[in-house]
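For reference, the structure is listed below as structure tokens.
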Amino acid sequence: MIKKDEVIHKEDLDIDQQWPWWPLLPLYPYGRRRTLVKELIPNQIWSFEQLQGLYYVAVPVRLTVVKVSGGLMLFNPLPPTNELRRALLTLEKKHGPVLTIVLPTASGLEHKIAMPSLARCFPKADLWICPGQWSFPIGLPLQWLGIPSNRTSVLINDGFPHEESCEWVSLGPINIGLGRFQEVSCFHKDSRSLLVTDALVGIKVDPPQLFDIDPTPLLFHARESGDQPLEDSPELRRKGWARLILFSLFLRPEKLKIPDLSKVVNNAFKPGLRNSRAHFGIYPFEWQKGWQESANALMGVKKPLLLFAPVLERLVFPRAQEALIKWLDEISSLKGINCLISAHYSDLVEFNQRKALDLKRKIMSRSWPNQSGNWSFLEGVDKALLKNGVVPKEPLEGFRD
Ligand SMILES: [Fe+2]
């Protein structure tokens, strides 16, 4: 049996953590994906977390395993390393077979990428996908994306799986030019949990437990320059985590400057740092005064702070206020809802009908979209996409500047 907070990493599991398909989406930690398994709600919900990111800007990405009638449902695929499959096998022995695998997002590439290989691991499982799957730069049919069509159904169009255990609520579709943004949330009635993918996240000041397995990304970003060694302490881990939050939420936060190349090179290749773990001392970032305050506003101290993911809040939601409000209205009517589990950051986040309505009131009462401070870079991205005709202009109507 998998105990709560059990860390299943062991040195001799290295081979079991290999993910051979990583070059398809080359994100850190590349070919080695360690998995942290937690039982979030006894006998009902389990979280399987792996790290994923760019240049040590790595955050947890989560597969949620849900107890349904007769077996298990997997929500948001993850790379099925041997380690992950073994943990699932342990759950199957107690709770029944994996009956269903759900890819609930149309656009989240980091969730789509593992669907084919996870599907192959469970050849009897029914596959359900969000409508409007798209690939870039060219649209490919499902089979070409490695998703077997003979056992695949489309959420909404073909109904929903496990309706005796779950209620399903769609956010979108929202036209984002290249394709669509849509994610289908699942309310698991027995555990009173709402499962989402990217729309809402909860973030806490303490780094996720997954970093206990390897804190390198935290320590790497806790430094001020490339000539500083990677030192470890609880404070430095929290400092590194706060910076990862700013990076991962805003891509280029306000208080981050890119130093001159000469400065970066001068600080590089110092003794003790000539190794790949330290990226040979190359640290092309400089944090300005005020970065900590900026990060503090995004993290809860005692419990996770609930947020819309800023990339979506700035680039997607301003184009579809109605769709967002409709989704919040629907989730605020889910009877008994008391927690949220998203595919990133904190696992269990306090959530209820009142919090859903608070979010709705918040987005209806403030100016939107955000443009300054941490939002400046995303604002620039949005303008560039608009200028090049990549994203549509007109759905911005209805928003107050
Ligand atoms: Fe995601």
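The values are calculated or read from the model by the stated rules, or taken from the named source; none is laboratory data. What you are looking at is a predicted structure, and each value in this text was computed from that prediction instead of being measured. As a convention, Cβ positions derive from the backbone with ideal geometry for all residues, glycine included, and neighbour counts pool all protein chains shown.
Side notes on the structure shown:
- Some residue of segment 233-244 being of a type outside the set (D, E, K, R) and either over 25 Å from the mean Cα position of the chain (by Cα) or on the phi > 0 side of the Ramachandran plot (or both): yes
- For Ser294, the conditions (1) in a loop (DSSP other than H, G, I, E, B); (2) over 18 Å from the mean Cα position of the chain (by Cα) are fulfilled apart from (1).
- Selection status of Phe211, under 30 Å from Pro271 (Cβ atoms), modelled with pLDDT under 90 and outside any loop (DSSP other than H, G, I, E, B): no
Here's the yes/no breakdown for (1) of a type outside the set (Gly, Ala, Ser); (2) modelled with pLDDT of 95 or more; (3) part of a loop (DSSP other than H, G, I, E, B); (4) within 16 Å of the ligand (Cβ to nearest atom):
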{"residue": "Asp16", "(1), (2), (3), (4)": "yes, no, no, no"}
{"residue": "Val66", "(1), (2), (3), (4)": "yes, yes, no, no"}
{"residue": "Leu74", "(1), (2), (3), (4)": "yes, yes, no, yes"}
{"residue": "Thr100", "(1), (2), (3), (4)": "yes, yes, no, no"}
{"residue": "His111", "(1), (2), (3), (4)": "yes, no, no, yes"}
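- Meets criteria (outside the structural domain of Leu334 (by TED's automatic domain parsing), buried (at least 21 other Cβ atoms within 10 Å of the Cβ) and away from the ligand (no atom under 16 Å from the Cβ)) for His221: yes
- Set Leu312, Leu305, Leu328: member being within 16 Å of the ligand (Cβ to nearest atom) and either surrounded by fewer than 21 Cβ atoms within 10 Å (Cβ to Cβ) or not charged (D, E, K, R) (or both): Leu312
- Residues in segment 76-98 that are basic (Lys, Arg) and either within 16 Å of the ligand (Cβ to nearest atom) or more than 19 Å from Lys38 (Cβ to Cβ) (or both): 0 in all.
- Segment 272-284 residues that are more than 19 Å from Ile258 (Cβ to Cβ), paired with ones that are among the acidic types (Asp, Glu) and modelled with pLDDT of 75 or more (beta carbon under 8 Å, 6 or more apart): Leu273/Asp227
- Set Leu194, Leu171: member being more than 15 Å from the ligand (Cβ to nearest atom) and within 18 Å of the chain's Cα centre (by Cα): Leu194
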